[in-house]
Amino acid sequence: MGDSHRALECDGRAQSWATRKISPKAQRKGEPEVHMTDQMRRLSTPWAIASERAERISESNLPPGLILDPAAGSGIHLASICIATNRVGLGIELDEEAARFSAANMNRLLVKGKDPGRLSHRILIGDGIDASGALSCLHSSLESSGVASTPPIAMLHVDPARPLDAQNHTLDEMAPPLRPLLEAWLPHMEKDERGPALLLDLSPRLSKAQRGEVDSILDDLAPNTNRTWEWLSQGGGRIDRLSVWVGPLAAPERFRSIRMGPSSVQSVVTSAEQSLFISEKRTMPPSFDDWVVVVDPTIVESRLHMDWLQNHLDDDYNPIWQRANLRRPVLVSKTPPPENLRTDPFVIAVGQVVAHRLSAPNMENAPTVARAAERAGVGHLVLRCEVDPDFHPKIQKRLNKALKGIDGKRGFVIDVPVSSRDGGWHVNYVTCSEN
Ligand SMILES: C[S@@+](CC[C@H](N)C(=O)[O-])C[C@H]1O[C@@H](n2cnc3c(N)ncnc32)[C@H](O)[C@@H]1O
């Protein structure tokens, strides 16, 4: 066995080691119990997302071979794919402790048994970029367990670690970095006419230019292969996952936006093309009684907002996009949004304008903001505008306190950019009542 990597079997021994270190816990109610340090938990893919993806992967008719995850972390994403596809898993993890927990988690999650497939799962401690070192280690380890042949690689999933300051990181700072990783593994992958099966988990904050860099890496290394970019939201008003699905894993369309509920997909929008986002900055904020729809940013960031909206437009409903800040895009209209838009999973809130102000809600003016809302019949107000993040929960608490015991509708505050006469712009804070 070469000494670049060390192989761990996913067996009872791995599990006993892990149990002595950290007792297994379900990350969320109803999910399987796994071993994780706090650091691993922060990096891990939620079980619901991993298993939903795994189900889709199982439908893609992968070429023969094993599932490779060269930055396996807790191993739960790898395990979920192995379970759904009934394939052998090969995880590689640089951090020895994480690798040991990963082997234990694989053992916990995979169906028990003594067949060669069950005995062939491995987690290697070592560098995920060193494909030949990893393969020779895998080969020796399987041989010493009596498994004569090393399976080919059917699919590569990678969820690289990224710097904590994800807003500004470069692609090279991904660990392991994408280009060298794919250069190392693609020659070892089993491919059919659809090209290699790759699932690349990327930082949801990648800029458009960085996504372009990923596209050119794939153009170079997996040319003429379909790929689908996927934005996924869990409804918290942010993009939770950005991934690229390549070759057998790609959909016919190039772009996809998914809204996930707690355990299942609630809505999917796909398109072959992205649309331009045209945000209308008007000289006036939305008027009193105008209708405001706060939209999940995923649908705009993926530039599938026009495909999405198309299904909801009719002769009476013709809204404009009015917002510069894409974190909480809004649609504004004179007429009420149709029922099927109000209940769309990509809609965060719907309301009618009841008050305006020029300054952001803060600790001092929160009672005044609350009183204005109360006068308009609002009894509970949610901040959906940019405020100092350190103070956001405190301002929200103050609003809740000021409206405590008030019987009224739910409402929210959004921030809308408005053009000024001097060519600049200012922000208007608009309170809406959910009718
Ligand atoms: C975002 S985490 C993966 C999380 C995983 N998808 C899960 O569900 O737990 C990335 C992992 O890559 C590991 N890593 C970073 N560089 C690596 C390298 N060159 N080779 C192998 N693993 C690496 C890190 O230690 C970290 O555990």
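Could you count how many residues in region 393-415 are farther than 24 Å from HIS426 by Cα, among the small types (Gly, Ala, Ser) and buried (at least 17 other Cβ atoms within 10 Å of the Cβ)?
1
Where in region 237-347 are there strands (runs of 3 or more DSSP E), lying fully within it, with 1 or more residues that are touching a residue at least 60 places away in the same chain (Cβ under 8 Å) and over 27 Å from LEU62 (Cα atoms)?
Once the strands (runs of 3 or more DSSP E) in region 237-347 are filtered for at least 1 residues that are touching a residue at least 60 places away in the same chain (Cβ under 8 Å) and over 27 Å from LEU62 (Cα atoms), what remains is 291-295, 330-333.
Take the residues in region 134-159 that are more than 16 Å from the ligand (Cβ to nearest atom) and within 31 Å of the chain's Cα centre (by Cα); name whichever of them is surrounded by the fewest Cβ atoms within 10 Å (Cβ to Cβ).
PRO152
Would you check which residues across region 81-133 are part of a helix (DSSP H, G or I) and within 9 Å of the ligand (Cβ to nearest atom) and list them?
Answer for region 81-133, where residues must be part of a helix (DSSP H, G or I) and within 9 Å of the ligand (Cβ to nearest atom): ALA98, ALA99, SER102, ASN105.
Which of the numbered conditions does LEU68 fail, given that it passes all the others? Conditions: (1) in contact with a strand residue (DSSP E or B) (Cβ under 9 Å, 6 or more places away or on another chain); (2) more than 9 Å from the ligand (Cβ to nearest atom); (3) without any contact (Cβ under 8 Å) to a residue 60 or more places away in the chain.
Answer for LEU68: the failing condition is (3).
Determine whether ALA184 is surrounded by 14 or more Cβ atoms within 10 Å (Cβ to Cβ), within 12 Å of the ligand (Cβ to nearest atom) and more than 21 Å from the chain's Cα centre (by Cα).
In short, yes.
Would you confirm whether or not region 166-174 contains a residue that is in the same structural domain as LEU43 (by TED's automatic domain parsing), within 10 Å of the ligand (Cβ to nearest atom), assigned to a helix (DSSP H, G or I) and out of contact with any Pro (no Cβ under 7 Å at 6 or more places or on another chain)?
No, region 166-174 contains no residue that is in the same structural domain as LEU43 (by TED's automatic domain parsing), within 10 Å of the ligand (Cβ to nearest atom), assigned to a helix (DSSP H, G or I) and out of contact with any Pro (no Cβ under 7 Å at 6 or more places or on another chain).
Based on this model, can you work out whether ARG28 counts as surrounded by 16 or more Cβ atoms within 10 Å (Cβ to Cβ) and either assigned to a loop (DSSP other than H, G, I, E, B) or touching a residue at least 40 places away in the same chain (Cβ under 8 Å) (or both)? Steps first, answer last, please.
Details: surrounded by 16 or more Cβ atoms within 10 Å (Cβ to Cβ): no; either assigned to a loop (DSSP other than H, G, I, E, B) or touching a residue at least 40 places away in the same chain (Cβ under 8 Å) (or both): yes.
For ARG28, the condition - surrounded by 16 or more Cβ atoms within 10 Å (Cβ to Cβ) and either assigned to a loop (DSSP other than H, G, I, E, B) or touching a residue at least 40 places away in the same chain (Cβ under 8 Å) (or both) - is not met.
Answer yes or no as to whether SER74 is of a type outside the set (Lys, Arg), part of a loop (DSSP other than H, G, I, E, B), modelled with pLDDT of 95 or more and within 16 Å of the ligand (Cβ to nearest atom).
For SER74, the condition - of a type outside the set (Lys, Arg), part of a loop (DSSP other than H, G, I, E, B), modelled with pLDDT of 95 or more and within 16 Å of the ligand (Cβ to nearest atom) - is met.
Please find, within region 200-243, the residue that is modelled with the lowest pLDDT out of those that are touching a Ser or Thr at 6+ places or on another chain (Cβ under 8 Å) and farther than 23 Å from ARG259 by Cβ.
Across region 200-243, the extreme among qualifying residues is GLN210.
The values are calculated or read from the model by the stated rules, or taken from the named source; none is laboratory data. If you're wondering where the values come from, they're calculated on a predicted model, not measured in any experiment. With ideal geometry, Cβ positions are generated from the backbone for all residues, glycine too; neighbour counts draw on all protein chains shown.
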